[in-house]
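Let me begin by presenting the structure, written as structure tokens, before commenting on it.
The values are calculated or read from the model by the stated rules, or taken from the named source; none is laboratory data. Quick caveat, the model's predicted, so the values are computed rather than measured. So basically every Cβ, Gly included, is an ideal-geometry build from the backbone, and we count neighbours across all protein chains shown. Surface accessibility is based on the protein's heavy atoms, side chains included, excluding ligands, DNA and RNA. Shrake-Rupley method; radii C 1.70, N 1.55, O 1.52, S 1.80 Å.
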Amino acid sequence: MKIICNQKLLANKIGIVQKAINSKTTLDLLKGVLIVTKQDEIILKGYDLEIGIETHVSAEVIEQGSIVINSKLFGDIIRKLPDSFVEIETDEDNNVYINCLNSKFKIKGDSAKEYPQIPDVNEDKLYSIPQDVLKSMIKQTVFATSQDQTKPILMGELLEIENGDINLVAIDGYRFAVRSCQVDNLSQEDVKAKIIIPGKTLIDVNSLLSSEEDVKVGFNEKNAIFILDETKIVTRLLDGEFIDYKKLCPREYNSKIKLKTRDLLNSIERASLLAQSELNNLIKLSIRDSVMAITSNNEKGNVYEEVALSLEGDYLDIAFNSRYLLEGLKNIDCEEIFIEFTTNVNPCIIKPADGTKYTYLLLPVRISSNN
């Protein structure tokens, strides 16, 4: 194999496929990037048996071939080379020669014959989602996935197609986040679908979303595919039954408040300065006619904040994990929000006031009467 490629372009594409490489794997071949030549481009692939990424790079292909090169070493070398054209050549013993201006490297590669095949997903039926919409959907939900490896299903997100909408749902046992959007090429007659996508995959997809073009999304029983620009991401789906999140939503409320998102966020950030330990990250909200009092007390001191609001319903004293509350608020872009409460031991629901289809449900922390 012999190719010539732009250094900056190649470095960028290596960075993309490296997202699919698990450095902790015991299989050396899976620590490598697969390079395959085509007519006037090369294909780079990374695959850890759960997520595979394939992307294309324009190149002058002088001699056809394929090779697997250690991902970290290859990426580090290409990134450190001068901003020029890189010549990459291999020999029959899988040695790789990398030349760029005055820099010359010789490193050991591996035969591409044993490199595993990334699963195929039928691309005939793909759904189109604007990149900015999908980016918003992932950003507003993925933080609520569980990090508990004993609950692998909750380490993923439910992607649900229903009534012409796509819903993305994350639950970790203390809260859930749901973001919905309507997709033009879905109709009421489309078959309902539910798949569970690993949260890590969605984080990787989100990091690649940037252009104004649509993302193509498709799936089968075992895998899902995301196609954006010149890159394909294929991920193995999580197998199991996702929690029926709709049953967790309270159907009525006793108190509903409306207030400015930024005012509440800023006040809670200040109040949480005294609530930053795992054992004591509690803040208390006291809701009255036109004001919410936010307090936090511990051995370090106490803090009191007030936020203006409009109230419909009953007064309420309720406490939350400050980190969970902040994470929800930071992912709402709307200027004002609604918060609905039933009692101080039942979950509350936070929604943007502008009608965006986003719901953040959060369980309160039980507090004793003398707190």
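Figures for the structure shown
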read-out	value
Local electrostatic count at GLU306 - Lys and Arg +1, Asp and Glu -1, tallied over other residues with Cβ under 14 Å	+1
Radius of gyration and Dmax over the Cα atoms of segment 1-148, both given in Å	17.0, 50
Protection-proxy order for peptides 315-323, 254-262, 57-65, each taking the mean of Cβ atoms within 10 Å per residue, highest first	315-323, 254-262, 57-65
Relative packing of peptides 286-296, 8-18 - highest average C-beta neighbours within 10 Å first	8-18, 286-296
Volume per residue of the C-alpha convex hull in segment 231-336, rounded to whole Å³	174 Å³
Calculated FRET efficiency for the pair ASP148/GLU230, C-beta based, R₀ 45 Å, to 0.05	0.80
Fraction in percent of alpha-carbon pairs per bin - 10 Å, the chain	5, 21, 24, 20, 16, 10, 4, 1
Sorted peptide list for 226-232, 119-125, criterion being average Cβ within 10 angstrom, highest first	226-232, 119-125
Hz values of 3J(HN,Hα) by residue in segment 106-123 - Karplus curve (6.51, -1.76, 1.60), Gly and Pro given as x	10, 10, 8, x, 10, 4, 7, 5, 9, 5, x, 7, 5, x, 8, 10, 4, 9
Whole-number accessible area per residue in Å² for the chain, which is evaluated in the context of all protein chains at 1.4 Å	51 Å²
Sum of side-chain charges, VAL215 neighbourhood, beta-carbon under 12 Å (Lys, Arg +1; Asp, Glu -1)	-2
Point-to-point label distance, TYR304-LYS246, nm (Cα→Cβ direction, 7 Å offset)	4.6 nm
With every protein chain in place, segment 246-303: carbon and sulfur % of accessible area (1.4 Å)	46 percent
Bins of 10 Å, starting at 0 and running to the largest distance - Cα pair percent for segment 83-219	10, 29, 23, 17, 16, 4, 0
CD proxy at 222 nm, helix term only [per DSSP H run n ≥ 4: -39500 (n - 2.57); per residue of the chain; nearest 500]	-4500 deg cm²/dmol
5 angstrom amide H check on GLU157, placed H, neighbours 5+ away	ILE197, GLY199
Exceeding the 25 Å Cα-Cα cut-off - candidates LYS72/LYS113; LYS13/LYS151; LYS45/LYS106	LYS13/LYS151
Subset of LYS135/LYS232; LYS19/LYS351; LYS247/LYS330; LYS125/LYS232 violating a 22 Å alpha-carbon distance limit	LYS19/LYS351; LYS247/LYS330
